[in-house]
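Here's the structure, in structure tokens; my notes come after.
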Amino acid sequence: MKREPYYITTPIYYPSGNWHIGHCYTTVICDALARFHRMLGEDVFFLTGTDEHGQKVEKEAKERGVTPLQFIDPLVDELKSMWSLLDVSYSRFIRTTDEDHIACVQKIYQKLYESGDIYKSEYSGYYCTPCESMWTEAQLKDGKCPDCGREVTLQKEESYFFRLSKYAPRILKLYEDNPEFLQPKSRVNEMVNNFLKAGLQDLCVSRTTVKWGVQLPFDKNHYSYVWIDALSNYLSALGYLSSDDSLFKKYWPANLHMVGKEIVRFHAVIWPAILMALGLEPPKQVYGHGWLLIGGDKLSKSKQDAIKYELTDPYELVKRYGSDAVRYFLLREIPFGSDGEYTNERLLLRINADLANDLGNLVSRTCAMIGQSFSGTLPACGKSEEVDLALEEAANGLFEKVKGAMDRLNAPDALGEIFSVVSKANKYIDETAPWLLAKDESKRDRLATVLYHLAEVCRICAVMLKPFLTKASCLILRSFSCDENEGFEHVSFGALKAGAKVEKLPPIFPRIDVKKELAEVEKLVKERKAKEKKQATPAKQAPAQAEAKGEISIDDFAKIELKVGTVIACEKVAKSEKLLHETVKIGDETRSVVSGIAKYYTPEEMVGKNVVLVTNLKPVKLCGVLSEGMILCAEDENGVLSLLTPEKEMGSGANIR
Ligand code: MSP
């Protein structure tokens, strides 16, 4: 039987680092949807990745004296490890620097150019020579460069443009003919009133000054500029315009692009226009979800300082409470489509009320009672009474209710349905009082029936929870000797066989002392902030000057301070496969240095080594660790690194000239 294809995507993330729990929202929702559709037996392709090109990355890498990829790679590693911590089950992680993506983007540009949808014109803006950056009038600060504060000049730059204006009427028609295309409904009004009604402007899609992008095939001086490159990932990941486009044939049009509300315009206006120009169908749906707010604001890097004592670091949250609890909060707490508030307290209250009390208690009590009264073997179910039938009915209706909610993409409602059955089961325990039945030998059959009902409800709820709580659901299923890999084949009451082994479970969600935990979290966040302040880089320095290429003068060379240092401690950087964190003694001073040599040296090998360092580089943080210098290495044609070290024994702190 042919399995229905289901193609779901998240936006591709900017490799900005400093990830917070808000970043996890889109991806965790998509993961729950992908898992749900897999369990329905569909053939799911779930795409996520990183959006790596552009001026910002080019500039930041330059300021750090590294290539854009050297700058981005550790951040991409970090993001991937965050998804793995949160059990995100993507089918492909695409990077816009992947070769197949670049080849596809070039073909898309070529096609649009040949059809006349891309044409050459002029882009005018304000140019800052030292920063090599073009700004719009609105971006200027007091008429000066917003980055370095220096004078800018009005310049015209030759650029290519996409004929977006041509597509406004067709996009309006797309909304009219397909009310499901853009959801929730309020986003349609935003798009129509704020953009489409007034008509669309053609879109600048190339630059000559920003070279960290995809080179245009028909004009080598030009590089892709933002959205065509990024949006095309949804096609390039499927092999569109490549020699093997079988995935594209199978999965396009996408079932769902899930995006945050601030990027709806790009997905619901620009993207369908590009697809129309390519002669492709639009995605079936774009959903613009709300934001996770802290103190009323969308979490962002700059805002994080203002957040008092909320712990927002996904690594720390998963470490403290487990991935299921973090997933549960994201999927349950925020009314879908709207913004929702995040606080540590709300997270802890959810964990205690729903996971520890309701779900945890139900499962542990059920397993414990079967252990005590039936030596851990599931007894056969006797004749059902009214109270049992009501519970059976609730359990039997659960799948359809959850499916209905998930068809509306509404994970909070789906979880609400599951937890309403969990509550009913807890109430059923109170009503049937199995602890009393256990004391009376004549009620043994009744006890068996009650415990069978509870076990079945635990099993059905665990199956339904699999897309959401990836770990706890499997633990529960295993404790009832069920196959944790099953889909929704057996979601009606009565599938559990009497005689099955039932194992006792330790508490899956231990109860948290909220007051104590909040105090600890506050202490932790305070300490972190103080440390960050201490490590903060000196006042923003002027960006590196764009110096003449090629030869440098002896004065230029003298600007680089090189010294010998001794590595006195070394460890792996937790969130990266490539980085080592060294503590280096340079004369009387001790510095923290991060270097990308973990593939070639173990931390043990590094300790005691005399190395050569650049000591006057602007400090940076790599994977959250401060680096106050760069250890120099030789690199062969295969990229293998070898440390530079003085040929004779030299004391640490020796200058290099
Ligand atoms: N690179 C673009 C997307 C290009 S898609 C062709 C981008 N990246 S992003 O890193 O800024 O955002 C990635 C996703 O994270 C977006 O869906 C964004 O809405 C989401 N979130 C980032 N902060 C968020 C919250 N505080 N709350 C909820 N989601 C938010 O945009």
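The values are calculated or read from the model by the stated rules, or taken from the named source; none is laboratory data. Predicted, not measured: the structure shown is a model, and the values here were computed from it. Every residue, glycine among them, receives a Cβ derived from its backbone with ideal geometry; neighbour counts consider all protein chains shown. Only protein heavy atoms, including side chains, enter the accessible area calculation; ligands, DNA and RNA are left aside. Shrake-Rupley method; radii C 1.70, N 1.55, O 1.52, S 1.80 Å.
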Restricting the first residue to region 88-117 and requiring it to be of a type in the set (Ser, Thr, Tyr), which pairs with a second residue that is outside any loop (DSSP other than H, G, I, E, B) and open to solvent by 50 Å² or more (accessible area, probe 1.4 Å) meet a Cβ separation below 7 Å and a spacing of at least six or different chains?
Ser89/Arg35; Thr97/Leu69
Looking at the structure I just gave you, is Glu122 surrounded by fewer than 20 Cβ atoms within 10 Å (Cβ to Cβ), free of Cβ contacts under 8 Å to residues at least 12 places away in the same chain and more than 30 Å from Arg3 (Cβ to Cβ)?
no
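Kindly establish whether Val88 is touching an Asp or Glu at 6+ places or on another chain (Cβ under 7 Å), under 27 Å from Met464 (Cα atoms) and buried (at least 23 other Cβ atoms within 10 Å of the Cβ).
Yes.
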Inspect all residues belonging to region 442-453 and state whether any of them is in contact (Cβ under 8 Å) with a residue 12 or more places away in the chain, in contact with a Ser or Thr (Cβ under 6 Å, 6 or more places away or on another chain) and of a type in the set (Gly, Ala, Ser).
no
Members of region 498-509 found to be at pLDDT 95 or above and open to solvent by 40 Å² or more (accessible area, probe 1.4 Å), listed by number
Ala498, Gly499, Lys501, Glu503
Scan region 255-267 and give yes if some residue there is over 20 Å from the mean Cα position of the chain (by Cα) and within 13 Å of the ligand (Cβ to nearest atom), otherwise no.
yes
Evaluate region 44-53: report whether one residue or more is more than 19 Å from Ala411 (Cβ to Cβ) and away from the ligand (no atom under 16 Å from the Cβ).
yes
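Restricting to region 222-244, give me the number of residues that are at pLDDT 95 or above and either among the charged types (D, E, K, R) or assigned to a helix (DSSP H, G or I) (or both). Don't jump to the end; show me each part of the working.
Restricting attention to region 222-244, the residues satisfying the condition of being at pLDDT 95 or above are 222-224, 228-244.
Then keep just the ones that are either among the charged types (D, E, K, R) or assigned to a helix (DSSP H, G or I) (or both); that gives 228-231, 233-236, 244.
The total comes to 9.
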Do the conditions hold for Gly213, that is, is it within 16 Å of Pro5 (Cβ to Cβ) and within 27 Å of the chain's Cα centre (by Cα)?
no
Write out, first by first residue and then by second, each pair whose Cβ atoms fall under 9 Å of each other, whose residues are 6+ apart or on separate chains, and whose first residue, in region 186-197, is within 12 Å of Leu172 (Cβ to Cβ) and part of a helix (DSSP H, G or I) while the second is open to solvent by less than 60 Å² (accessible area, probe 1.4 Å) and of a type in the set (Gly, Ala, Ser).
Val188/Ala268; Met191/Ala268; Phe195/Ala168; Leu196/Ala168
Only one residue in Glu58, Glu78 is away from the ligand (no atom under 12 Å from the Cβ) and open to solvent by 30 Å² or more (accessible area, probe 1.4 Å), so which one is that?
Glu58
Exactly one condition in (1) touching a strand residue (DSSP E or B) at 6+ places or on another chain (Cβ under 8 Å); (2) more than 22 Å from Val76 (Cβ to Cβ) is not met by Lys572; state its number.
(2)
Considering only helices (runs of 4 or more DSSP H) wholly within region 307-367, the ones with at least 1 residues that are outside the structural domain of Leu465 (by TED's automatic domain parsing) and in contact (Cβ under 8 Å) with a residue 60 or more places away in the chain are 314-321, 323-332
Report, ordered by the first and then the second residue, all pairs with beta carbons closer than 8 Å, sequence separation of six or more or different chains, a first member in region 279-293 that is touching a residue at least 12 places away in the same chain (Cβ under 8 Å) and more than 12 Å from the ligand (Cβ to nearest atom), and a second member that is among the acidic types (Asp, Glu) and open to solvent by 30 Å² or more (accessible area, probe 1.4 Å).
Lys284/Glu180; Gln285/Glu180
Considering only region 3-27, state which residues are closer than 22 Å to Glu281 by Cα, more than 6 Å from the ligand (Cβ to nearest atom) and open to solvent by 10 Å² or more (accessible area, probe 1.4 Å).
Arg3, Glu4, Pro5, Tyr6
Breaking point among (1) within 29 Å of the chain's Cα centre (by Cα); (2) modelled with pLDDT of 90 or more, for Glu577:
(2)
If you go through Glu316, Glu345, the only one that is within 17 Å of His23 (Cβ to Cβ), open to solvent by 10 Å² or more (accessible area, probe 1.4 Å) and more than 16 Å from the ligand (Cβ to nearest atom) is Glu316
Out of (1) out of contact with any strand residue (DSSP E or B) (no Cβ under 7 Å at 6 or more places or on another chain); (2) within 26 Å of Leu292 (Cβ to Cβ), the one Asp244 does not meet is (2)
Which of (1) surrounded by 23 or more Cβ atoms within 10 Å (Cβ to Cβ); (2) modelled with pLDDT under 95 does Glu262 not meet, given it meets every other one?
(1)
Only one of Leu47, Leu40 is modelled with pLDDT of 95 or more, at negative phi and open to solvent by 40 Å² or more (accessible area, probe 1.4 Å); which?
Leu40
Does any residue in region 391-403 that is open to solvent by 60 Å² or more (accessible area, probe 1.4 Å) come within less than 8 Å, Cβ to Cβ, of a residue that is of a type in the set (S, T, N, Q) and not in a helix (DSSP H, G or I) six or more places away or on a different chain, and which pairs are these?
Asn396/Ser492
Search result, residues across region 449-478 that are open to solvent by 10 Å² or more (accessible area, probe 1.4 Å) and part of a helix (DSSP H, G or I):
Tyr452, Arg459, Val463, Cys474, Leu475, Arg478
